[in-house]
1. Work out the charge dipole of the range 240-311 with +1 on the Cβ of Lys and Arg and -1 on the Cβ of Asp and Glu about the Cα centre, then indicate which of GLY285, GLY247, PHE297 is farthest towards its positive end.
2. Once you sort the root eigenvalues of the Cα gyration tensor of the range 74-192 as a ≥ b ≥ c, which label holds: rounded (a/c under 1.5), prolate (a/b larger than b/c) or oblate (the other case)?
3. Using the Cα centre of the range 219-291 as the reference point, and only Cβ charges (+1 on K/R, -1 on D/E), how large is the resulting charge dipole? Debye, rounded to the nearest 20.
4. What number, rounded to the nearest 500 deg cm²/dmol, is the helix-based mean residue ellipticity at 222 nm of the chain, given -39500 (n - 2.57) per DSSP H run of at least four residues and division by all its residues?
5. Place a +1 charge on the Cβ of each Lys and Arg in the chain and a -1 charge on the Cβ of each Asp and Glu, then give the dipole magnitude about the Cα centre in debye, rounded to the nearest 20.
6. Got the relative contact order for the chain handy, in percent, Cα pairs under 8 Å and 6 or more residues apart?
7. Using a Förster radius of 45 Å, what is the FRET efficiency between THR46 and GLU283 based on their Cβ-Cβ separation? Nearest 0.05, please.
8. How large is the accessible surface per residue of the chain, computed with a 1.4 Å probe and reported in Å² as a whole number?
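The values are calculated or read from the model by the stated rules, or taken from the named source; none is laboratory data. The shown structure was predicted, so the numbers you read here are calculated from the model rather than taken from an experiment. Here the Cβ is made from the backbone with ideal geometry for all residues, glycine too, and neighbour counts use every protein chain on show. Ligands, DNA and RNA are stripped out before the accessible areas are found, and what is left, the full protein with its side chains, is counted by its heavy atoms. Shrake-Rupley method; radii C 1.70, N 1.55, O 1.52, S 1.80 Å.
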Amino acid sequence: MNWYHGFERVVRENVSLANLTTYRVGGPAEFFAEPSDALVLGQLLTRTATDGIKTRFMGGGTNLLVADAGVRGLTVKLPKYAFGYLYRKNTRVRVGAGHSLPALVKWSIANGLSGLECLQGVPGTVGAALRMNAGGKYGEICSRVRRVMGFERTGTAFDLSADDCGFTYRNSNLHGRIVTGCELDLMEGDPVQSQALADKIIREKCASQPLNARSAGCVFKNPKLPGVAPAGKLIDDMGLKGTRVGGALVSDLHANFLLCDGRASADDVVKLIRLIREMVYRERGVYLETEIETWGFDAQELVPSVCVRAA
């Protein structure tokens, strides 16, 4: 009898993850589930915890690199029909983790609510945005979060305040948890002014980022060290724009974007990450931390030997 006996309607085996990511590379999930509601999700997590099944959460796949060999255990993706809800009461908004982040930004502007314009052009789902505290130079999602709801890996429900989420630069205490939704505190706004700001942000991004290419956004976090340039500038200074490993290459438009062509593999991307890390560390003494999630790789597979101590 399979461990997922009783969950056959939501759990499948050997499901390809490549087409569920913007890189469109990588292997299959050993088990893959799209829970039909929060009750089923909680029950499923209780089962995996009891049976020792490793569980991962997948959002829109816009910030994810999956190994070519795939991943063991269960990958959970929250379907929009069950976790894409959106409710408003005055300036307070309750939204499901499966809701599209770009659609939420568009909806808020159209409905005279301000505060999310800073997320214009950020892809993916609300749940993934919360876990990584998505944002840019104009702000981050944490500035509007009031509460975050979801489940621990054990199947126990949680309801955390924004302070308890531990939001930091591109990180939070939500990693290791399954986020199902949140409450946001927005402001009354002028749709015309909000749209003007959103348009300005997207114009800036289109001019400096390869938004239509097969990428996962910025691969490395900007170093938080005095006097140290952003990751893209460090990589550009190494003369690495256009550098290719197999089907993976460094964008000519923004050096912190690694792109995949139609023949790329996850291994190509990993080799390019190692090359960049090694050159930046050797030349500038800066260890670049990854901003993207990486699944199915050994702990040191993305770290060249020269950087092991720094990592």
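1. GLY285
2. In terms of gyration-tensor shape, prolate.
3. 140
4. When only DSSP H runs of four or more count, the value is -7500 deg cm²/dmol.
5. Dipole about the Cα centre, nearest 20: 180 debye.
6. Answer for the chain is 17 percent.
7. The formula returns an efficiency of 0.35 here.
8. Computed with neighbouring chains in place, this is 45 Å² per residue.
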